[in-house]
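What follows is calculated from the coordinates using simple rules that are stated; it is not laboratory data. Just so you know, these numbers come straight off a predicted model, no measurement behind them. With ideal geometry, Cβ positions are generated from the backbone for all residues, glycine too; neighbour counts draw on all protein chains shown.
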Amino acid sequence: MIRIVTRAHIARLENEARAAVEQARQTSGVANEAFGRHVRELYAVTERAEATAAEVSALLARAMEELSAAQQELLLRDIEIRRLRAEREGESLEGRTLTVLLHYGEPHTIYATREEAHADTATHSMPANHVWKPCGERPAAEFKWRGEAFIYNPASNGFRRAQVPLPKPVEGAA
């Protein structure tokens, strides 16, 4: 088949080709601008992610330090508890004393030593330099704070008061 091409047809094809090239150039420019925006956004997001990762890394490092310190403290406490348990299991209770701190005659706290009981009363509004005196036979309810010593009694497998009050005479008895 033979086709005859006229100058008008060639001019029209050239115009269409120029228009197509111009449209391709514009489309390429728009695509390049969009690509540039996306790349800039990607860099911005990457920078934020890196900054956030650095913050998280710093937080994690501090948390790990705190965890390590807490674990170390727990380990030391566990060692101390084991030492105290071994010490307690190795000791005989015979002759061992406890001090019960009484508040107006009511038991308040039990201490291993009288000194600990006296020191703790300072936290309960008692002056630290208070001079402790024997209470005699007066009832414990008459005293704001009173320390009573108890001694382990192996016969009863328990503690008894260190100073037993004197029995009161029965009225009318001979």
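Compute the angle between helix 7-90 and the longest alpha-carbon principal axis of the chain, please, reported from 0 to 90 degrees and rounded to the nearest 10.
Roughly 10 degrees, rounded to the nearest 10.
Give me the extension gain from E115 to I4: residue separation times 0.36 nm, minus the current Cα-Cα distance, reported in nm with one decimal.
Gain on extension, E115 to I4, equals 27.5 nm.
Quick one: work out Rg over Rh on the C-alpha atoms of the chain, Rh as Kirkwood radius.
Value, to two decimals: 1.75.
What's the percent breakdown of Cα-Cα distances in segment 97-161 across 5 Å bins, shortest bin first?
4, 18, 26, 26, 15, 7, 3, 1
Run the quick spin-label model on A54 and A34: label points 7 Å from Cα toward the beta carbon, then report their separation in nm to one decimal.
The modelled label-to-label distance comes out at 3.4 nm.
I'd like the FRET efficiency for R62 and R138, computed as 1/(1 + (r/R0)^6) with the beta carbon distance as r and R0 of 45 Å, rounded to 0.05.
It comes out at approximately 0.15.
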